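Here is the structure we will look at.
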Amino acid sequence: MKLTGVGLPLAEALFKGGYASLVDISETSVEDIVSIVDLSETQVEEMIEEAKVILKEELRQEEQDQNLEDDEEAQESEDS
């Protein structure tokens, strides 16, 4: 996982609890994760928020990449 402070043991516990991706973590409640891992509510809140931030950044990057591809295709069409 890409989350700060999430090493292999915690990642395995999350995975076994049904949290296999950042999307899974970002869409759950603090209470659900607290019930399966040994973290405080504050730590889990931070984890969920970080997952949301990472997902937003990945989406922004994908949109930027798509815009670049679209611009390159438009330029190639103009050059033809």
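The values are calculated or read from the model by the stated rules, or taken from the named source; none is laboratory data. Nothing here was measured: the structure is a model prediction, and the numbers come from that model. Here Cβ is always computed from backbone atoms with ideal geometry, including for glycine, and neighbour counts include all displayed protein chains. Please note that ligands, DNA and RNA were not included when accessible areas were found on the heavy atoms of the full protein model with its side chains. Shrake-Rupley method; radii C 1.70, N 1.55, O 1.52, S 1.80 Å.
Filtering the range 1-48 to residues that are open to solvent by 70 Å² or more (accessible area, probe 1.4 Å), at negative phi and among the small types (Gly, Ala, Ser) leaves only Ser35. Whether a residue is surrounded by 11 or more Cβ atoms within 10 Å (Cβ to Cβ), assigned to a helix (DSSP H, G or I) and hydrophobic (A, V, I, L, M, F, W, C) was assessed, and Ala51 passes this test.
If you check Glu69, Glu73, Glu58 for being assigned to a helix (DSSP H, G or I) and within 19 Å of the chain's Cα centre (by Cα), only one passes: Glu58.
Of everything in the range 28-48 that is touching a helix residue (DSSP H, G or I) at 6+ places or on another chain (Cβ under 9 Å) and in a loop (DSSP other than H, G, I, E, B), the residue that is nearest to Leu59 (Cα to Cα) is Thr28.
For the range 1-25, enumerate the residues that are without any contact (Cβ under 8 Å) to a residue 40 or more places away in the chain and among the aliphatic types (A, V, I, L, M). Met1, Leu8, Leu10, Ala11, Ala13, Leu14, Ala20, Leu22, Val23, Ile25, listed by residue number.
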